[in-house]
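Below is one structure; the comments refer to it alone.
The values are calculated or read from the model by the stated rules, or taken from the named source; none is laboratory data. Just so it is clear, the model here is predicted, and its values are computed rather than measured. Cβ sites come from the backbone with ideal geometry, for glycine too, and all protein chains shown count toward neighbours.
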Amino acid sequence: MRALTNPSGRDCLSVMKTIHLIVGMFSLGTLATQADVLRLSDGTILEGELGAPTEVTVQTAAGEKRVAFSMLPEEIQQRYWRKSAENATVANEPIADSTVLDGDITALADEVNLSVWERVTAIGSFRDKPEKRGTGGLVVTKAFNALDENWISVYSPKDPVGEAGNWNEQVAKARKLLEQTNVFMQRRWLENFIRAGEAVGRRDSNEFALMIRELKRSPLTIASLENSRNFFTAK
């Protein structure tokens, strides 16, 4: 049977073979752009989206050769397979600029009196002391928690953070800022701030002092301290 002829009368089956790869891959790419009902040649009905092709037939001078689709150059994959093009688009998307300003960092530091805590935790006596018991289990010296003992020195009774007794609200703000920035220095500062706030909640004075020391080394903290309210006791 002569499926296709050229002007000279010779059949063009060889031509059809040559375009077999292009037509086949083009069909895959077209169907893959939509998820709908597919009726197979045996009457089976399937609903969904075609998966990526695993092998394709390439016409070479030596004859047909089957190769893995993943081995094809990216530009060919993207041309005939929607998923490849989507992945390439995502990979090439520029990282969004940070919407976090250094002023946001300064405001957060100022809100928890970070400048005061920086000085308090630098004092050699800022450490927890265990409870001492004497004969019969009687308490000789009460346990000392550095965070609790210094809390009233940093916050006045009317201060929102002082009343709350924690940094929970500020930690929540820091988490939101962390989601909005890709700047390394900002992310590092916010991560340490969150850890410090979590230590406050656990009353872990040692972890808290460690995070304050880390924050102190940051250029962002130095800038915030320069603009801080510069006082040690009540607001």
Quick one: in region 61-116, which of the residues that are modelled with pLDDT under 75 and hydroxyl-bearing (S, T, Y) is farthest from L220 (Cα to Cα)? Y80
Taking region 19-60 and keeping only residues that are modelled with pLDDT of 70 or more and touching a Ser or Thr at 6+ places or on another chain (Cβ under 6 Å), one is left with Q59
Applying the selection to region 179-208, what residues are in contact with a Phe, Trp or Tyr (Cβ under 9 Å, 6 or more places away or on another chain) and surrounded by 21 or more Cβ atoms within 10 Å (Cβ to Cβ)? F193, A196, G197, V200, S205, F208
For region 126-151, what are the residues that are surrounded by 14 or more Cβ atoms within 10 Å (Cβ to Cβ), part of a loop (DSSP other than H, G, I, E, B) and touching a strand residue (DSSP E or B) at 6+ places or on another chain (Cβ under 9 Å)? D128, N145
